[in-house]
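S.K.: Quick one: the structure is below, questions incoming.
Computed from the coordinates by the stated procedures, all read-outs in this text should not be read as laboratory data. Every value quoted in this text rests on a predicted model; they were computed, and no experiment measured them. All Cβ positions, glycine included, derive from the backbone under ideal geometry; neighbour counts span all protein chains shown.
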Amino acid sequence: MKYISSFIKKNLANDSLETVLVKVMLINDFYGTNVYDVTLSVAKHILSISEIDTRMMTGVLIYT
């Protein structure tokens with residue numbers, strides 16, 4: 001978990017598909033969520049959320 005946290009802290013912005021995809025893959029693998037076929041679609045969905053970084057920083061995660 002230490003390495004995942006370190007990576008995420010070094011890459012806080014969710015502004016590129018590559019960064020978000022790596023985060024999704026790390027969390028999926030570490031927690032064993034078994035989201036195998038949809039990691040790319042999950043990353044794309046995260047990128048599609050308006051102002052995702054601001055929402056995460058303020059705790060406003062309601063998707064509209």
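S.K.: Sort the following peptides by mean Cβ neighbour count (other Cβ atoms within 10 Å, averaged over residues), highest first: 52-58, 42-48, 19-25.
M.R.: 19-25, 42-48, 52-58
S.K.: Quick one: what are the phi-derived ³J(HN,Hα) couplings along region 11-18, Karplus 6.51/-1.76/1.60 with θ = phi - 60°, whole Hz, x for glycine and proline?
M.R.: After applying 6.51 cos²θ - 1.76 cosθ + 1.60, I find 10, 5, 5, 10, 10, 9, 4, 4 Hz.
S.K.: Another question, then. Near residue 2, which aspartates and glutamates are there with a Cα under 17 Å away, not counting those fewer than 8 places off in the same chain?
M.R.: 29
S.K.: For region 1-49, which chymotrypsin sites (Phe, Trp or Tyr not before Pro) are in a loop by DSSP, counting at most 16 other Cβ atoms within 10 Å?
M.R.: 36
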